[in-house]
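Participant: Dropping a structure here in structure tokens format, bear with me for questions.
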Amino acid sequence: MISGLDSRVIDANSEALGIPVSTLMDNAGKIVSSFLKDHYPEGNILFVCGTGNNGGDGFASALLLDPERVTVALLKKSSQIRSEIAKERYSQLKCRVEEYSPALFNDAVVIVDCALGTGIRRGKVKDPYRQFILDANASGLPIVSVDTPSGLGSDVTIVPQTTITFHDVKVGMNDDNCGNILVADVGIPVDAMKYIGPGDVLRYPLPDENSHKGENGRLMIIAGGPYFGAPAMCSMAALRTGADIVRLFTPSNVAQAISTYCPVLMITPLPGNRLNTDSVDMLLAESMNYDAVLIGPGIGKDPDTMLAVKEFVRKCKTPMVIDADALSAIIGMEILTPTIITPHKGEFRKLDSKYGGPEPLAQLMNVTLLLKGHVDTITDGNATRYNRAGTPAMTGAGTGDVLSGAVAALLSKGLTTMEAASLGAFLAGKAGEYAFKDKSYGLIATDVIEEIPHVLRDNLE
């Protein structure tokens, strides 16, 4: 079962893999038209279409039926059709096309609902869609919904006798609200789900236009000690990934150096020159004020530091990303808070000495695992996905810190651990590809950081 957003992600990833939306739409049209020919061989078939790709599915289906038996009713003006491929299929129609009116029901034998599809999943449906749903439900005519019943999950929903859905059942669908559910294969490649792609950027949480500072991600980072670069890299990456507030908690000797390098970063100095157990209670109290915590980059492996990490991780209630040196402190732990761990292969071998692979380790530790490599593996023990974005030039120091900062920023913005790990891996990898175009094998971690906003821009426009 997948959500409406999942469906749009998969469509976009399919297109990136060379299967255009037009092919998926035409395949959907073939499936729907075949059903209508079999079940309604006589009489007028009325398609009621919206302005998105669900309407496009209706146009594609109508094209394959006898135009003398088909009427397409538009809920809005044809100039408002949003999708280019839907516009193209609309322009090819030979059948009767009308502005929507319930009077069109009078000579129809079936209503084909192509109004909203997955376009709305909550809230209030507005006219003209709302009025169509009410009219159709009161008409007494059989209704066939395409992909999902219009309005499903909102305050008013069309009630079909049959729903022809594509690829998989959508969240919220059942026999009571969908009638007979037919799941059809429109040709989505397996890799569109298996591998993270540009469609996954659709999961990026866009700020509400009325939001205020701190409402789009508040991230706490505990990093630094013997190493100065790692806390700077992960903090800057988190900011460039769009976290509203990033506060770095780092030993005082590191704080002074980083404040000069990154004046936009908020820094709280910790006593001493390493993270130690004396700071744990304060850090736990502070963590309650943040949406996510990143712990580990550059902290070193001093025994007292490892004890501090263990105590913090065991007691922290805020979602966490655990990276780098902190991974050495959690070997064998089961973590109760939603957590992402980001080991490279060497760190993974130490964590996985007895579990037998990424999925068993993720299950037994109760974490989402992002195993870094030529192809990254992301698993929560149940679902597993892979990230191919990146370049061999990203083997230099600091790129892992960039990744953990990006992942932690996304976690702070409200994504699930699986979503944050997957999208963070893709953004960092794709940013590395962008940087490689200019810097070639001389790229460094800061080059990757500066490209993250460009990856977001190119995939969200």
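Participant: Can you pull out the chymotrypsin sites (Phe, Trp or Tyr not before Pro) in segment 262-362 whose DSSP state is coil and whose Cβ has at most 16 other Cβ atoms within 10 Å?
Facilitator: 355
Participant: Taking amide H positions as placed in the peptide plane 1.01 Å from N, state which residues far from residue 73 in sequence (5 or more) or on other chains have amide H under 5 Å from it.
Facilitator: Here the answer is 47, 48, 49, 98, since their amide H atoms fall under 5 Å of that of residue 73.
Participant: OK, next. Over the chain, what is the relative contact order in percent, taking alpha-carbon pairs closer than 8 angstrom and at least six residues apart?
Facilitator: Relative CO of the chain lands at 12 percent.
Participant: Can you tell me which of 144-154, 176-186 comes out highest on packing, and rank the rest after it, using the mean Cβ neighbours within 10 Å?
Facilitator: Ranking, from highest mean packing down: 144-154, 176-186.
Participant: Could you work out, for the chain, what percent of all Cα-Cα pairs fall into each 20 Å distance bin, beginning at 0 Å and stopping at the bin that holds the largest distance?
Facilitator: Reading upward from the zero bin: 24, 44, 26, 6, 0.
Participant: Additional query: Angle, helix 129-139 long axis vs. longest principal axis of the chain, Cα atoms, 0 to 90°, nearest 10?
Facilitator: 50
Participant: For a quick protection proxy, order the peptides 320-329, 43-52 by their average other-Cβ count within 10 Å, most packed first.
Facilitator: Descending packing order for the listed peptides: 320-329, 43-52.
Participant: Helix 445-460: angle to the longest alpha-carbon principal axis of the chain, degrees 0 to 90, nearest 10?
Facilitator: For 445-460 against the chain, the angle is about 10 degrees.
Participant: Amide H of residue 266: which non-local residues (sequence gap of 5 or more, or other chain) have their own amide H closer than 5 Å, using H built in the peptide plane?
Facilitator: When sequence neighbours closer than 5 places are left aside, the close amide H contacts are 246, 248.
Participant: Can I ask one more? Around residue 152, which amide H atoms from residues at least 5 apart in sequence, or from another chain, sit under 5 Å from its own amide H, with H modelled in the peptide plane?
Facilitator: Counting only residues 5 or more places away or on other chains, the set is 158.
Participant: Which longest run of the chain has no exposed loop site in it, a site being trypsin sites (Lys or Arg not before Pro) in a DSSP loop with at most 12 other beta carbons within 10 Å, and the site itself not part of the run?
Facilitator: Excluding the exposed sites themselves, the longest stretch runs over 355-461.
Participant: What's the magnitude of the charge dipole for segment 198-460 around its Cα centre, counting Lys and Arg as +1 and Asp and Glu as -1 at the beta-carbon? Answer in Debye, nearest 20.
Facilitator: 340
Participant: Which loop GluC sites (Glu not before Pro) in segment 303-386, with loop taken from DSSP, have no more than 15 other Cβ atoms within 10 angstrom of their Cβ?
Facilitator: Counting only loop positions with at most 15 other Cβ atoms within 10 Å, the GluC sites (Glu not before Pro) in segment 303-386 are 334.
Participant: To the nearest 20 debye, what charge dipole does the chain have about its Cα centre, counting +1 at the Cβ of each Lys and Arg and -1 at the Cβ of each Asp and Glu?
Facilitator: 600
Participant: Against the longest alpha carbon principal axis of the chain, how many degrees, from 0 to 90 and to the nearest 10, is the axis of helix 4-16 turned?
Facilitator: So the helix axis and the longest Cα principal axis differ by about 80 degrees.
Participant: Would you work out the Kirkwood radius for segment 4-194? I mean one over the mean of 1/r across all pairs of different Cα atoms, in Å.
Facilitator: 16.3
Participant: For residue 413, go through the lysines and keep the ones whose alpha-carbon is under 16 Å away, minus same-chain ones fewer than eight residues off.
Facilitator: Partners within reach: 213.
Participant: Antiparallel DSSP bridges in segment 198-460: what percent, to the nearest 5?
Facilitator: Antiparallel bridges make up about 25 percent of those DSSP assigns within segment 198-460.
Participant: With runs of 4+ DSSP H residues as the only contributors, calculate the mean residue ellipticity of the chain at 222 nm using -39,500 (n - 2.57) per run, divided by the residue total and rounded to the nearest 500.
Facilitator: After summing the helix terms and dividing by residue count, I get -12000 deg cm²/dmol.
Where a number appears in this text, it was derived from the coordinates with a stated rule and is not lab data. Only a predicted model underlies this, so the values are computations on that prediction, with no experimental measurement involved. Cβ: placed from backbone, ideal geometry, glycine included. Neighbour counts: every protein chain shown.
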